[in-house]
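Comments concern the structure below.
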Amino acid sequence: MASKKLKVDGTSLSIEKIESFIMQNQQVYLTKDAMQNVKKSRALVDKWMKEDKVIYGITTGFGEFANVKISQKDIKQLQENLILSHAVGCGENLPPKIVKIMMLLRLNALASGYSGIRLSTLELLVDMINLNLIPIIPSQGSVGSSGDLVQLSHLVLAMIGKGRVQILKNVVSDDAAKAEIIDSRKALKKFGLKPVMLEAKEGLALINGTQMMTSFASFISARAKKLVKLTDVSAALSHEALRATDRAFDAKLHKLRPFPGQIATAKNILKMINSSQIRASHKNDDPRVQDAYSIRCIPQIHGASRDAVDYVCSRVEIEINSVNDNPIIFPETEEHIEGGNFHGQSMALAMDFMGIALSELANVSERRIERMVNGALSGLPRFLAVDGGLNSGLMIAQYTAASLVSENKVLAHPASVDSIPTSANQEDHNSMGSIAAQKCFKIMQNLENVLAIELLTAAQALEFLKPLKCGTGTETAYKEIRKHVSPLLKDRLLYFDIQKIAKIIRDDSLLSTVEKKIKLI
């Protein structure tokens, strides 16, 4: 069944809608109100041009050159020069899915009708989105203020026929590494489209914004909402494997410290281990008084990250529906106001916070992995190996988790505390939000792999507790893992096992299978 089209009006995007847009390869369209608002602001720009008014970025140079008046005959060249001079990115190319979200977010910001762009220019962007003509954009070069100027300039290069694109059927399932990269002019011609000739204000309107960092932030936020649940699933399996107590998850305890995330996590763990034969087998005769923090404090640790994720998502949802270029045009009052809505500080801080929150989920996951493979702590065979000595079991899988967690500790250092002045000190405080966002993306990927290792480890540990079965949710998770990875009876290439579990994490099949059985918060 064809997916529903996504309307773009400048105000109604959400993280969930962006996720559906990418995952379902949705088409987009501008609403009638949005088109009318765009026309109104453009008419005002045309009026000012006829009056030859001096307005930043419309009839002046940019940045330090704001005091240079540009003649009418050079206005088009001014806008093209802006794009050519600002497209100076380097490094690896951005993932196509991130670029496509960038395109949607820029379209949405301009659809509000406060930027003075022509409707025909936005319609080309709509066509490129719907045809999956994905500009090639280098990942490095943004300082996160005056917007993500470098990356957005590379996006606009494709629109004016001087950049490069990939033509993909689907930005999620297609292998972008193998896709052909072609000249954007040729690609546009192939689909009967013409490159845009930028008019007054248009180049500036297209590149003054936070869309690269916010594209990452949107994708990360959508994933993080699911990863906090999946981390509870993974922890619950480890709880079973380590034969821990359920007392630390009692609702009476958490009611006295009522952080929403803490309460939600405690409820999820109890739901997962409900009716566990493993828990019942040692409920009344376990000599341990209490479990280690990585088990006992799951609600407090996971819960704090949950609350952080919720906060960050609330900030991202503001940004994705914001007007963030300069100057901003108000057709009703015929004003243009020069300001700083392009500054990425809000997203920089949010992405730094998200990176810390996701890093902590990986940290505690690795500690549970260590407890399971350490025979002195788990009471299980060392490294969960059958015929240990001849076989090393999951010894080195824990090394890999430790490596990923250590890398995250470096990546979690906040980018937003740094600022390097640019543009002859006119732009003397920059957010570095683009760096914060890309670091957070890597932290998220590392978390997914650490969780894959924890799930692999917990499933192996449970083999030694048979014939006892897990709880309602944990047994479901265990069986889903076993559909993809068999028990480890002798040493084999665990690399492939980790990849298989990481795949069912990333495609949400493991979480959806568990949630068919029990509803997680």
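With Cβ to Cβ distances under 13 Å as the rule, what net charge do the other residues near Pro260 carry (K, R +1; D, E -1)?
Working: positive: Lys255, Arg257, Lys267, Arg306; negative: Asp307, Asp310.
Residues near Pro260 contribute +2 overall.
Restricting things to alpha carbons, tell me how big the chain is in terms of Rg and Dmax, in Å.
Answer for the chain, Rg first and Dmax second: 26.2, 88 Å.
Under the definition of Cα pairs under 8 Å and six or more residues apart, what whole-number percent is the relative contact order of the chain?
Working: 983 pairs, mean separation 88.0, N = 521.
Relative CO of the chain lands at 17 percent.
Note the angle between two axes, namely the Cα long axis of helix 345-373 and the longest principal axis of the Cα atoms of the chain, as a number of degrees from 0 to 90, rounded to the nearest 10.
Tilt of helix 345-373: around 20 degrees.
Distance between the C-alpha centers of region 88-127 and region 215-236? Whole Å please.
Region 88-127 and region 215-236 have Cα centres separated by 26 Å.
³J(HN,Hα) across region 311-326 via Karplus (A = 6.51, B = -1.76, C = 1.60, θ = phi - 60°), whole Hz, x for Gly/Pro?
Running phi through 6.51 cos²θ - 1.76 cosθ + 1.60 with θ = phi - 60° gives 4, 4, 4, 5, 6, 5, 5, 5, 5, 5, 10, 9, 8, 9, 10, 7 Hz.
Which entries in the list Lys40/Lys76; Lys271/Lys503; Lys7/Lys178; Lys225/Lys255; Lys178/Lys500; Lys32/Lys201 go over 27 Å, if you measure between the two C-alpha atoms of each?
Numbers: Lys40/Lys76 21 Å; Lys271/Lys503 25 Å; Lys7/Lys178 31 Å; Lys225/Lys255 23 Å; Lys178/Lys500 22 Å; Lys32/Lys201 23 Å.
The answer is Lys7/Lys178.
Using Cα-Cα distances under 8 Å and only pairs 6 or more residues apart, what relative contact order does region 6-209 have, in percent?
Values: 348 pairs, mean separation 52.6, N = 204.
Computed over region 6-209, the figure is 26 percent.
Need one number: % antiparallel among DSSP beta bridges in the chain, to the nearest 5.
Values: 13 of 17 bridges.
Among the beta bridges of the chain, antiparallel pairing accounts for roughly 75 percent.
Quick check: net charge around Asn341, other residues with Cβ under 11 Å of its Cβ, Lys/Arg +1 and Asp/Glu -1?
Details: positive: none; negative: Glu319, Asp325, Glu338.
Within the 11 Å Cβ shell, the charges total -3.
Can you give me the distance in nm between label points at Ile521 and Leu253, each placed 7 Å from the Cα along the Cα-to-Cβ direction?
1.5
Just order 250-263, 401-414 by mean Cβ neighbour count inside 10 Å, highest at the front, would you? It would help to have the intermediate numbers written out before the result.
Values: 250-263: 13.4, 401-414: 17.7.
The packing order, highest mean first, is 401-414, 250-263.
When the chain is fully extended, how far beyond the present Cα-Cα distance does Ser509 get from Asp418, taking 0.36 nm per residue of separation? Can you show the working numbers first?
On the way: separation 91, 0.36 × 91 = 32.76 nm, distance 3.91 nm.
Stretched out fully, the Ser509 to Asp418 stretch lengthens by 28.8 nm.
Which percentage, to the nearest 5, of the DSSP beta bridges contained in region 6-209 is antiparallel? Let's see the in-between values first.
On the way: 9 of 12 bridges.
Bridges in region 6-209 that DSSP calls antiparallel: roughly 75 percent.
What share of Cα pairs, in percent, lie more than 22 angstrom apart in region 311-468?
58
Please work out the FRET efficiency for the pair Leu377 and Lys490, using the Cβ-Cβ distance as r and a Förster radius of 22 Å; give the result to the nearest 0.05. Write out the running numbers ahead of the final one.
Values: r = 24 Å, r/R0 = 1.09.
Plugging the Cβ-Cβ distance into 1/(1 + (r/R0)^6) gives 0.40.
If you place +1 on the Cβ of every Lys and Arg and -1 on the Cβ of every Asp and Glu, how big does the dipole about the Cα centre of region 6-209 come out, in debye to the nearest 20? Working shown, then result.
On the way: 26 positive and 20 negative charges, 120 e Å.
Once rounded to the nearest 20, the dipole reads 580 debye.
Positive end of the charge dipole of region 6-209 (Lys, Arg +1 and Asp, Glu -1 on Cβ, about the Cα centre): tell me which of Val54, Leu125, Met197 has its Cα farthest that way.
Of Val54, Leu125, Met197, it is Met197.
Under a point spin-label approximation (7 Å from Cα along Cα-to-Cβ), what is the Ser281-Thr31 distance to one decimal in nm?
Those two pseudo-labels are separated by 5.8 nm.
None of the figures in this text is laboratory data; all of them are computed from the coordinates on show. Quantities reported herein were computed from a predicted structural model and do not represent experimental measurements. Ideal geometry is used to build each Cβ from the backbone, glycine not excepted, and the neighbour counts take in all protein chains shown.
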